[in-house]
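The values are calculated or read from the model by the stated rules, or taken from the named source; none is laboratory data. Every value quoted in this text rests on a predicted model; they were computed, and no experiment measured them. For neighbour counting, all protein chains shown are included, and Cβ atoms are generated from backbone atoms with ideal geometry for every residue, glycine included. Areas reflect the complete protein model, heavy atoms only, side chains present, ligands, DNA and RNA absent. Shrake-Rupley method; radii C 1.70, N 1.55, O 1.52, S 1.80 Å.
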Amino acid sequence: DEAAVSIADGKKYGRSFVGITPLINNPLSNCKVSVLSCVLPGYGVLYKFFNSAVHGSDYACFLNDITQFVRIHICSSNTQIVMIEDNCKIHCTEEVENVINKLEIAVIPTVPYSPALNGVVEGYFGYVKLGHCEFYSFNDLPLCDEISIKETWTKISNTKFNDKILNTLYAEWRARMAKCVEGIPLVSGHIKINGFENDADRLLNVKVFRHYKEVIYT
């Protein structure tokens, strides 16, 4: 998924709510830094910064990079990789579709306007955005440049977004999937994850049978 840090000058005022259903009222022309992120439950987060809004070509390259990383460091070359994404326009370009076919991965889009179904990465973005509030105030905005934004994002991701938080988000996502199967409507905010904690914890003990010589990547 993607997120952005924007600035607002003059009448082009923008606001953002921190949480699982982010809302941004600000033109992309005011974008300061964009980031594409892939959250891997049980392993961590892969992300890439951009100094402008991201496009389909950027997303295609990102899919290629993270798939290569996963094939080399996590799973064997015969393992089926399944990714969840939302319905953003940049996910649906011809270039992206060609890369998906080339990599032979499965990319499943969520129902439009349902960020809760993509709750793991949305929760990650919400957590990092909330963490930024500890580093910046409105008086500090003139000093909020690209370098400081990236440094803060990396610091929060590496030191505060730990396995416990990640697995809680994954357990909550599994709980939402179960409710969808039962036909229960989606609700905003967090839900109970009773019964799904163990399923998330087992990800920390997954054995990875991997050797770099197995990679067949063109």
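I'd like the distance between the alpha-carbon centres of segment 85-114 and segment 32-54, rounded to an integer number of Å.
16 Å
Any idea of the accessible area per residue across segment 142-184, 1.4 Å probe, to the nearest Å²?
57 Å²
Tell me, in nm to one decimal, what length is gained between Ile191 and Gln68 on full extension, where the rule is 0.36 nm per residue of separation less the Cα-Cα distance? Before the final figure, lay out each step's value.
Working: separation 123, 0.36 × 123 = 44.28 nm, distance 3.41 nm.
Stretched out fully, the Ile191 to Gln68 stretch lengthens by 40.9 nm.
If eta is 1.567 mPa s and T is 4 °C, what Stokes-Einstein diffusion coefficient results for segment 153-197, Kirkwood Rh from Cα pairs, in µm²/s?
Values: Rh = 11.8 Å.
Estimated diffusion coefficient is 110 µm²/s.
Report the full-extension gain for the segment Val82 to Asn101: residue separation times 0.36 nm, less the Cα-Cα distance, to one decimal in nm.
Here the answer is 5.6 nm.
Using a/c under 1.5 as the rounded threshold, could you call segment 41-161 rounded, prolate or oblate? The axes a ≥ b ≥ c are square roots of the C-alpha gyration tensor eigenvalues, and prolate needs a/b larger than b/c, oblate otherwise. Don't skip to the end; give the middle numbers.
Details: a/c = 1.89, a/b = 1.69, b/c = 1.12.
Prolate.
Percent of accessible area on segment 37-77 owned by carbon and sulfur, 1.4 Å probe?
55 percent
Where only protein heavy atoms count, and the probe is 1.4 Å, what is the accessible area per residue for segment 54-110 in Å²?
For segment 54-110, the per-residue accessible area is 53 Å².
Could you rank Glu182, Glu146 by how accessible they are, 1.4 Å probe, largest area first?
Highest to lowest solvent-accessible surface, that is Glu182, Glu146.
Calculate the FRET efficiency for Glu146 and Ser57 from the Cβ-Cβ distance with a Förster distance of 30 Å, rounded to the nearest 0.05. Please list the in-between numbers first.
Details: r = 20 Å, r/R0 = 0.68.
Here the calculated transfer efficiency is 0.90.
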